[in-house]
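First comes the structure, then the notes that go with it.
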Amino acid sequence: MADRFNTVAGWALFAGIVALGGGIVSSKYFHSERPEKMGYAIEGVEAEGEGAAAGPGLNTLLASADVAAGERVFAKCAACHTVNQGGANGIGPNLFGTVGEAIGQGRGGFAFSDALKSKGGAWTFENLDHWLQSPREFAPGTKMTFAGLGNPADRANLIAWLNTQGSNLPLPAADAAPAEASATPAEAAANATNAAESVEGAAPANAAPAGGPAAPTTGK
């Protein structure tokens, strides 16, 4: 009985060794490469980090901004800011005439954070866009608790409306449309070949019709 058990156990061990060896060998011959991008592409969904720079730029958005829509966006700011001329500061400063003003200065003695007071520069359209997108990124350490406006069109509309509240700086012109991409080298070579063949196959201007006398030439 013990001999039979040992025999069965030996064969089982041998079969396991053979299976393990076969797996190792097959993995050497049928190794699959790791794909550059994992997962499956889903139509209409961009991969993380892709498409960030897509869409019109700030100048183009400002050139076609909807001021009325910007006033509606300001409703999100009205709990902390006034915008009328001579208006009192609240949790945030009064914003009348802000566009183009020095950052972190004036505003009737409002207590700006050190982060803004040390920022320097002016509230240009670009700086306002960056600030409205993410105050904490624009001025780390700011007291501003608003998370920011993620929609570029909302930011442009709000900036355009704020500009009408005591600043009235000229808005930039829309960005020029990008030039069309030139032909690839292969396309250029094919076009050149087709043009050469067309020239070779064209009959001279004074050539005679097939089977007829040569066409007369003119002279002076």
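Structure notes:
- Overall, the anisotropy analysis places the stretch 70-172 in the rounded class: the square-rooted eigenvalues a ≥ b ≥ c of its C-alpha gyration tensor yield a/c less than 1.5.
- Computed with a 1.4 Å probe over protein heavy atoms only, the accessible surface of the stretch 58-165 comes to 49 Å² per residue.
- Seen from Gln133, the other residues with C-beta closer than 13 Å to its C-beta sum to a net charge of -2, counting Lys and Arg as +1 and Asp and Glu as -1.
- The stretch between Ala54 and Asp114, if pulled fully straight at 0.36 nm per residue, gains 18.2 nm over its current Cα-Cα span.
- Of all accessible heavy-atom area on the stretch 58-165, the percent that carbon and sulfur account for (1.4 Å): 54
The values are calculated or read from the model by the stated rules, or taken from the named source; none is laboratory data. Everything numeric here is computed off the predicted structure, so don't read it as measured data. So basically every Cβ, Gly included, is an ideal-geometry build from the backbone, and we count neighbours across all protein chains shown. The area values use the complete protein model at the heavy-atom level, side chains included, leaving out ligands, DNA and RNA. Shrake-Rupley method; radii C 1.70, N 1.55, O 1.52, S 1.80 Å.
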